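The values are calculated or read from the model by the stated rules, or taken from the named source; none is laboratory data. Note that this is a predicted model, so its numbers are computed, not measured. Neighbour counts are summed over all protein chains in view; Cβ atoms, including those assigned to glycine, are modelled from backbone coordinates with ideal geometry. Note: areas computed on protein heavy atoms with side chains; ligands, DNA, RNA excluded. Shrake-Rupley method; radii C 1.70, N 1.55, O 1.52, S 1.80 Å.
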Amino acid sequence: MITKNLLVLKSYSLITTILYSLALAVISLVKFRDIPDYIPSFSDKVLHFLMYGILAFLWIITFTHKFRLKRIYAIVWAGIIAVIFGIIIEVLQGMITQTRVAESNDILANTLGVGLTITILFLFTKTEVKK
């Protein structure tokens, strides 16, 4: 079952990653009426950590399977893109929204989520040794 789901993710990796990125941008920049304004700051940071860890993971899958990058390059590029995306979203929150503010702690949480994801995947990446 898990293998089948991973094959579907590989097949639709680019569209899945783009849709996830767009959804993350919309959720970050749009004020929803029914959601309370006050969310405890700690849970907000955990959410940032998880959402950007997932973003990095999806970009790694996309770069590896859709663009055929070597896994190590896919991990590096996914990390760079996810961190830059998070910074851009935070800057946009401060510039174009009335209900959101840019927070450096959100950028830190985003970066830590990306960092943990790429660290875990680096550890599970086999290195090739030439003889």
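Applying the condition of being open to solvent by 60 Å² or more (accessible area, probe 1.4 Å) and in a helix (DSSP H, G or I) to the stretch 55-76 and asking which residue is farthest from THR111 (Cα to Cα) yields ARG71.
Restricting the stretch 38-47 to residues that are surrounded by 10 or more Cβ atoms within 10 Å (Cβ to Cβ) and modelled with pLDDT of 70 or more leaves a set whose member that is nearest to ASP106 (Cα to Cα) is LYS45. Residues that are of a type in the set (Phe, Trp, Tyr) and under 19 Å from LEU9 (Cα atoms) do not occur anywhere in the stretch 30-46. With the checklist (1) part of a helix (DSSP H, G or I); (2) open to solvent by 70 Å² or more (accessible area, probe 1.4 Å); (3) modelled with pLDDT under 95 in hand, flag the one item ILE35 doesn't pass. Status for ILE35: all satisfied but (1).
The requirement of being more than 19 Å from ILE27 (Cβ to Cβ) and more than 12 Å from the chain's Cα centre (by Cα) is satisfied by ARG68.
The rows are residues; the columns are (1) in a helix (DSSP H, G or I); (2) open to solvent by less than 40 Å² (accessible area, probe 1.4 Å); (3) more than 20 Å from PHE124 (Cα to Cα); (4) modelled with pLDDT under 95.
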{"position": "SER28", "(1), (2), (3), (4)": "yes, yes, yes, yes"}
{"position": "PHE49", "(1), (2), (3), (4)": "yes, no, yes, no"}
{"position": "GLY53", "(1), (2), (3), (4)": "yes, yes, no, no"}
{"position": "ALA78", "(1), (2), (3), (4)": "yes, yes, no, no"}
{"position": "PHE85", "(1), (2), (3), (4)": "yes, no, yes, no"}
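When you scan the stretch 104-115, do you find a residue that is under 15 Å from LEU24 (Cα atoms), more than 19 Å from the chain's Cα centre (by Cα) and not acidic (Asp, Glu), even just one? No, the stretch 104-115 contains no residue that is under 15 Å from LEU24 (Cα atoms), more than 19 Å from the chain's Cα centre (by Cα) and not acidic (Asp, Glu). When the stretch 87-102 is filtered for residues that are open to solvent by less than 50 Å² (accessible area, probe 1.4 Å) and not acidic (Asp, Glu), the ones remaining, listed by number, are ILE89, GLN93, GLY94, THR97.
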